[in-house]
1. What's the number of the only condition in (1) among the β-branched types (V, I, T); (2) within 24 Å of H98 (Cα to Cα); (3) surrounded by fewer than 21 Cβ atoms within 10 Å (Cβ to Cβ); (4) modelled with pLDDT of 95 or more that T30 fails to meet?
2. Checking G173 against (1) surrounded by 15 or more Cβ atoms within 10 Å (Cβ to Cβ); (2) part of a loop (DSSP other than H, G, I, E, B), which single condition isn't satisfied?
3. In region 100-110, is there at least one residue being on the phi < 0 side of the Ramachandran plot, out of contact with any strand residue (DSSP E or B) (no Cβ under 9 Å at 6 or more places or on another chain) and modelled with pLDDT of 95 or more?
4. Is it the case that some residue within region 7-19 is modelled with pLDDT under 95, among the β-branched types (V, I, T), assigned to a helix (DSSP H, G or I) and under 11 Å from the mean Cα position of the chain (by Cα)?
5. Of all residues in region 54-90, count the ones that are among the acidic types (D, E), farther than 17 Å from Q40 by Cα and part of a helix (DSSP H, G or I).
6. Inspect region 73-87 for any residue being more than 30 Å from Q33 (Cβ to Cβ), surrounded by fewer than 17 Cβ atoms within 10 Å (Cβ to Cβ) and free of Cβ contacts under 8 Å to residues at least 40 places away in the same chain and give the result as yes or no.
7. Being in a helix (DSSP H, G or I) and either exposed (fewer than 15 other Cβ atoms within 10 Å of the Cβ) or without any contact (Cβ under 8 Å) to a residue 60 or more places away in the chain (or both) is true for just one of I104, I46, I93. Which residue is that?
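The values are calculated or read from the model by the stated rules, or taken from the named source; none is laboratory data. Note that the coordinates shown come from a computational prediction; the quantities given were computed from them, not determined experimentally. Cβ coordinates were reconstructed from backbone atoms using ideal geometry, including for glycine residues, and neighbour counts include every protein chain displayed.
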Amino acid sequence: MEIHVSEVIDNNAHKYPSREALIFLDRRITYAQLNDRINQRANCLIDMGVKKGDHVSTLFLSCNEIVETIVAIWRAGAVVVPLSFRASPEELIYIIDHADVSAIIFQENFENMIRKISPSLPKVKRLLSSGNNPANEFIDFETNVKKQTTQHPNVNVQENDMGTIVYTSGTTGKPKGVVILHKTLMGQLQVLYL
């Protein structure tokens, strides 16, 4: 298995389990805790039918869960298609449809937006709400995550696999999807720490 961002966290969890990996407001998470949470999220996605190469969108404000979710999508072998909370409903529909997204994981406070656009998203099979009290029409992602094992899912992710598709702002036309491979993500990570 080639090294990618997901495996960097796994390696750090084994080398430095008690070191802090994430700090957000008053929450502090060690590498061991982060790795376990990523594994649970990845296993949950796999159990729900997300396969290697599937495109999964995320819609969150800043929080620990967005980091855990993005890395879990990678660990499950899927491709992250991040969505901006600043995008209009029409822009979200275009990006989700154009990117062939099959699942959307979103923070609970975006349920109204997802409810509004979901009838226009025929390719999306799973709407996963992340929060404490999601509406019944959505899959309760956090409750399902807690039922999962912390065992590494062991999906074979290669450095030339797609990691992310980021959409441009579309100032001169429709937004365009920019594919970022896992090896590119690793290169960007290494530059940050040189």
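1. The number of the failed condition is (2).
2. Failed condition: (1).
3. No, the conditions are met nowhere in region 100-110.
4. No: region 7-19 contains no residue that is modelled with pLDDT under 95, among the β-branched types (V, I, T), assigned to a helix (DSSP H, G or I) and under 11 Å from the mean Cα position of the chain (by Cα).
5. Qualifying residue count, region 54-90: 1.
6. Quick first cut of region 73-87, residues more than 30 Å from Q33 (Cβ to Cβ) only: 86-87.
Filter again for surrounded by fewer than 17 Cβ atoms within 10 Å (Cβ to Cβ), leaving 86.
Okay, now just the ones that are also free of Cβ contacts under 8 Å to residues at least 40 places away in the same chain, so 86.
Yes, region 73-87 has at least one match.
7. I93
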